[in-house]
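Everything on this sheet refers to the single structure shown next.
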Amino acid sequence: MSQYAVSSRGRVILKRGKAKPLWHRHPWVYSGAVQEVRGHALDGEVVDVMDEHNDFIAKGFINFHSQIRVRLLSWDVHEKIGKDFFQRKIDEAMFWRERTLAMRSKANAYRLIHSEADGLPGLTVDRYNKVLVAQFLSLGMDHYRDIIVPILQQEAKVETVVEHYTPRYRELEGLPELDHLVHGPEAPTEFAIQEYGLQFQVNIMKGQKTGFYLDQRENRLAVVPYAYNKRVLDAFCYSGGFGIYLLAKGRASNVVFMDSSNLALELVKQNLELNHLPLGQTFLKADIFEKLPEMQRAGEKFDLIVLDPPKVAPDRSSLESGLRSLRLANATALQMLPPYGIIVTCDCSGAITWEDFYRMLSMAARMAGRPLRIIDSRSAGPDHPAHTACPESSYLKVVVAVALPADAPPEPVNEERSRPPEPAKEERSKPEETEKPAIKE
Ligand code: SAH
């Protein structure tokens, strides 16, 4: 008798031919791959996933509300999903970030746990110095909160763990709406963090994401060498991450900070002060998808443009309109650069692949009549690793390119629809609506 026959756990039997990616450690079982569910399986519980021959593949959290029916946790049939399991995974994630990456020597705010990429689907944890900001974004993980929080407190040597969510974020997984929750003593939720010697003001409760775009840390540093004496546009600046690096470390001559959020621009001003930088920069509150073409038509020029928009394709159905918005914004930006000017262009939509992104850029270059030479292609910082078997976990794409002199007149771009689909606000690691990955981050 096989050991599965005696298990009281629910069993998910896959359709024929659907097991292969899972044997290769892809961590998601899509609902379409499931033949049937046998035995006792309540939402959020751990189930065994079996191939069509009823052979065990892996175990994970089941969620009947999600297109991702099971999020896999372990490929070991003997693994018990409980305190020891979470302790081991959390220890491991923290260990290599400290020992291998020496994160603490670079910043006092960084991602400690990056969901699937750390074997903990639906759990993200960021350290903001003495406070952790955690998000439980899968139903299964949410059930283990009381086990996980004390482990985090102990292993990260912090007293306070704050949960803070974007509205409707947890709804995607069928989780009850939750704004925030504080574990341990109340602690300040507004303070300055430090990365690569720079200070950034963070507001955990009112800010975007968990308070700061930690994933762009190394990309900000990577573009510093191109900034000397340059006029910079930091478009979609949030708290000014790129612009502040380019002023402070790159000695850019001045920066135009642009964002649609007042809070973001207030944070930029605080960050200029914190870093003793000249306050006489320009701050523009605007919808960039609309304002950028206006600026271009008015003849504005920049030597270096950073474009770091929010997620323009929240799901596959919005892929085309998202790419169109990116294409237009990039083509417009390119026309505002002098010969050999630099564009730093980003996208954080999991639904947009690297191939899509390069194709979009190539079309934007043609539309602008400005040949592009890519000098660097980058992703999220090392504390936001990607999972080898799960390309969806590699959401952030950053390309640094030189815009050569015009080789053709620009093609008209204005008839293109310029706005991305709603919602297109904040959160680069928001789960996809159709597939509901827990990363996102
Ligand atoms: N570059 C930033 C992160 C940008 S996140 C950093 O390094 O920290 C995306 C930003 O785009 C957010 O600050 C959000 O407020 C802003 N945003 C979203 N939609 C926008 C729009 N239509 N026009 C201008 N800004 C927008």
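None of the figures in this text is laboratory data; all of them are computed from the coordinates on show. All values derive from a computational prediction rather than experimental measurement. Ideal geometry is used to build each Cβ from the backbone, glycine not excepted, and the neighbour counts take in all protein chains shown.
Nothing charged except the Cβ atoms of Lys and Arg (+1) and of Asp and Glu (-1): what's the magnitude of the dipole of region 189-337 about its Cα centre? Round to the nearest 20 debye.
240 debye
Could you size up the charge dipole of the chain around its Cα centre, putting +1 on the beta carbon of Lys and Arg and -1 on that of Asp and Glu, and report it in debye to the nearest 20?
840 debye
Report the full-extension gain for the segment residue 253 to residue 130: residue separation times 0.36 nm, less the Cα-Cα distance, to one decimal in nm.
Stretched fully, the residue 253-residue 130 segment lengthens by 40.8 nm.
Once you've got the GNM for the chain with C-alpha springs shorter than 10 Å, pick whichever of 245, 128, 144 has the biggest mean-square fluctuation.
Among 245, 128, 144, the largest mean-square fluctuation in the Gaussian network model of the chain belongs to 144.
Grab the other residues whose beta carbon is less than 15 angstrom from that of residue 373, score K and R as +1, D and E as -1, and report the net.
0
Hey, if you put +1 on the Cβ of every Lys and Arg and -1 on every Asp and Glu Cβ in the chain, which of 140, 254, 41 ends up farthest toward the positive end of that dipole?
254
Name the residue farthest towards the positive end of the dipole of region 204-403 from the options 331, 387, 216, assuming +1 on Cβ of Lys and Arg, -1 on Cβ of Asp and Glu, about the Cα centre.
Among 331, 387, 216, the one farthest towards the positive end of the dipole of region 204-403 is 331.
Please rank 164, 143, 114, fewest neighbouring Cβ atoms within 10 Å first, as an exposure proxy.
Listed from fewest to most nearby Cβ atoms, that is 143, 164, 114.
Please determine, in degrees from 0 to 90 and to the nearest 10, the orientation of helix 319-335 with respect to the longest principal axis defined by the Cα atoms of the chain, where the helix direction is its Cα long axis.
30 degrees
Sequence gap at least 6, Cα distance under 8 Å: using those rules, report the relative contact order of the chain to the nearest whole percent.
Over the chain, the number comes to 13 percent.
Which of the three applies to region 204-403, rounded, prolate or oblate, going by the alpha-carbon gyration tensor with a ≥ b ≥ c and a/c under 1.5 meaning rounded?
Judged from the Cα gyration tensor, region 204-403 comes out rounded (a/c under 1.5).
Of 169, 213, how do they rank once you tally other Cβ atoms within 10 Å and put the fewest first?
169, 213
What does the C-alpha gyration tensor say about the overall shape of region 252-292? Classify as rounded when a/c is under 1.5, otherwise prolate if a/b is larger than b/c, or oblate.
On the way: a/c = 3.58, a/b = 1.61, b/c = 2.22.
Taking the square roots of the gyration eigenvalues as a ≥ b ≥ c, region 252-292 is oblate.
Where does helix 354-368 land angle-wise versus the long Cα axis of the chain, in degrees 0 to 90, nearest 10?
Helix 354-368 and the main axis of the chain meet at about 20 degrees.
Could you state the per residue volume, in Å³, of the convex hull enclosing the Cα atoms of region 38-157?
It comes to 112 Å³ per residue, whole-number rounded.
Among 210, 189, 345, which one shows the highest mean-square fluctuation when the chain is modelled as a Gaussian network with alpha-carbon springs under 10 Å?
189
I'd like to compare 11-24, 294-307: which one has the highest average count of other Cβ atoms within 10 Å, and what's the full order after that?
For the peptides 11-24, 294-307, the packing ranking is 294-307, 11-24.
Under the √(5λ) rule applied to the eigenvalues of the Cα gyration tensor, what semi-axes describe the equivalent ellipsoid of the chain? Give them in Å, descending.
40, 26, 17
Most exposed first by the Cβ proxy, i.e. fewest other Cβ within 10 Å, how do 149, 202 rank?
Details: 149 19, 202 25.
By the 10 Å Cβ count, ascending: 149, 202.
Order 230-236, 45-51 from most to least packed using the mean count of other Cβ atoms within 10 Å.
Ranked from most to least packed, the peptides come out as 230-236, 45-51.
With angles folded into 0 to 90 degrees, how steeply does helix 83-99 sit against the dominant principal axis of the chain? Use alpha carbons for both and round to 10.
Result, in degrees: 30.
Highest GNM mean-square fluctuation, the chain, Cα pairs closer than 10 Å: which of 181, 132, 319?
Comparing 181, 132, 319 in the GNM, the peak value goes to 181.
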